Amino acid sequence: MPTVRLHDKEFELFIPESEVHAAIDKLAGELRAKYQGKRPLFVGVLNGAFYFAAELVKRLDIECEITFVKVASYHGTRSTGRVSELIGLNEKLEGRHVVVLEDIVDTGNTVRHIMDSLLEHHPASVSIAALLFKPDAYKQDIPIEHVAVRIPNDFVVGSGLDHDGLGRNLPGIYRIINTHA
Ligand code: IMP
């Protein structure tokens, strides 16, 4: 089993690239059937979604647009706690069918913030498509409608996902080796 060391942590191959590609093929089929003729706007969430977005849209032979945003998170000056803002969204969303592309949905807090921001622009619809989803960690009620691969609640890297900046370029998905087990 191939392993890799990133900073202080060891990871082992969990899902080979061929399986990741097969899961994205299937997801592309779902999205093609749902959005054909609707000119969807795909919104990739950087940094992690660059890989998923590229692999997904090259499989979608329908009319569509793609853009990217970043989520900036900071503490508000009032008692509202954490405030999130979407940076880089220049497209008009009103009346559009929007599909958010996430590398991974874990607790769902990020998806919640993105959804709240996007809905302010009155799109016709918003759905979430995720390369990876951890159902056991998920704490929100927003449906994650389109998922390539469901995984257990382990920390993973590769295919766009990082550990402190490293590992995004690894093909396939690697899972952390729990050295204390
Ligand atoms: P959430 O807001 O808890 O759903 O987390 C979403 C973000 O946390 C993702 O976009 C990732 O940046 C990061 N994240 C969550 N789980 C992992 C993981 O297993 N590996 C790498 N990053 C992760």
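In percent, how large is the relative contact order of the chain, given Cα pairs closer than 8 Å and 6 or more residues apart? Walk me through the numbers before you get to the answer.
Working: 351 pairs, mean separation 45.6, N = 181.
It comes to 25 percent, rounded to a whole number.
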**Prompt:** For the pair residue 33 and residue 46, how long in nm is the line joining their label points, each one 7 Å along Cα→Cβ?
**Reply:** 3.4
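Sort largest first and round to whole Å: the equivalent ellipsoid semi-axes of the chain, each the square root of five times a Cα gyration tensor eigenvalue. List each step's numbers first, then the result.
Working: eigenvalues 150, 94, 36 Å².
Rounded to whole Å, the semi-axes are 27, 22, 13.
Over segment 83-132, what relative contact order in percent results from Cα pairs under 8 Å that are six or more residues apart? Write out the running numbers ahead of the final one.
Numbers: 58 pairs, mean separation 26.6, N = 50.
RCO, segment 83-132: 53 percent.
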**Message:** Checking the cross-link filter: which lysines have an alpha carbon closer than 27 Å to that of residue 26, excluding same-chain neighbours under 8 positions apart?
**Reply:** 34, 38, 58, 70, 134, 139
**Prompt:** If amide H atoms are built 1.01 Å from N in the plane of the peptide, which residues on other chains or at least 5 residues away come under 5 Å of the amide H of residue 14?
**Reply:** 173, 174, 175
**Asked** Could you give the distance between the Cα centres of segment 86-108 and segment 129-181, to the whole Å?
**Response** 19
**Residues with amide H under 5 Å from that of residue 105, placed H, sequence gap 5 or more** = 132, 133, 134
**Prompt:** So if R0 is 25 Å, what FRET efficiency would residue 67 and residue 107 give, r being the distance between their Cβ atoms, rounded to the nearest 0.05?
**Reply:** 0.50
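Compute the whole-percent fraction of alpha carbon pairs in segment 116-173 spaced more than 20 Å apart. Walk me through the intermediate numbers first.
Details: 666 of 1653 pairs.
Tail of P(r) above 20 Å: 40 percent of Cα pairs.
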**Asked** Under 15 Å from the Cα of residue 9, which aspartates and glutamates turn up, not counting those fewer than eight places away in the same chain?
**Response** 154, 162, 164
**Fill in**
Amide H contacts under 5 Å for residue 147, restricted to residues at least 5 apart in sequence or on another chain and with H modeled in the peptide plane, are 130
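Every read-out reported here was derived from the displayed coordinates using simple, explicitly stated rules and does not represent laboratory data. Small disclaimer: the values here were computed from a predicted structure and weren't measured. As a convention, Cβ positions derive from the backbone with ideal geometry for all residues, glycine included, and neighbour counts pool all protein chains shown.
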